[in-house]
Amino acid sequence: MRFFLDEIVARIVAIYLCIDGSRQLWRALVERKIKYFNPDLLNWYLDWSNARADRDSTPVQYWIQIGFRILLLIASLVVAIFGWWRPDA
């Protein structure tokens, strides 16, 4: 029973991530700017609201973020279709 619930929860979360990720990706491509994750702890406290990559001013950072979003979208789509693989099962 636990395996069945794990599969259901994994697929529901993956479907949500597919929808949310595709909306963010579409918005980023239309607006030509994307918010990105900045791992620098100091920037979180000082200047988190300006953490955006613009296609015209920082194209490399923009396309790197677009690539990451596409990879995450593909990964969540695979989990939504095939389910979660557990090595002990």
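The values are calculated or read from the model by the stated rules, or taken from the named source; none is laboratory data. The model shown is predicted, which means the values in this text are computed figures rather than measured ones. Positions of Cβ are generated from backbone atoms using ideal geometry, with glycine treated the same way; all protein chains shown enter the neighbour counts.
ALA28 falls short on exactly one of the conditions (1) surrounded by 12 or more Cβ atoms within 10 Å (Cβ to Cβ); (2) at pLDDT 75 or above; (3) over 14 Å from ILE66 (Cα atoms), and that condition is (3). When ASN50, ASN43 are checked against the criterion of being part of a loop (DSSP other than H, G, I, E, B), polar (S, T, N, Q) and at pLDDT below 90, ASN50 stands alone in meeting it.
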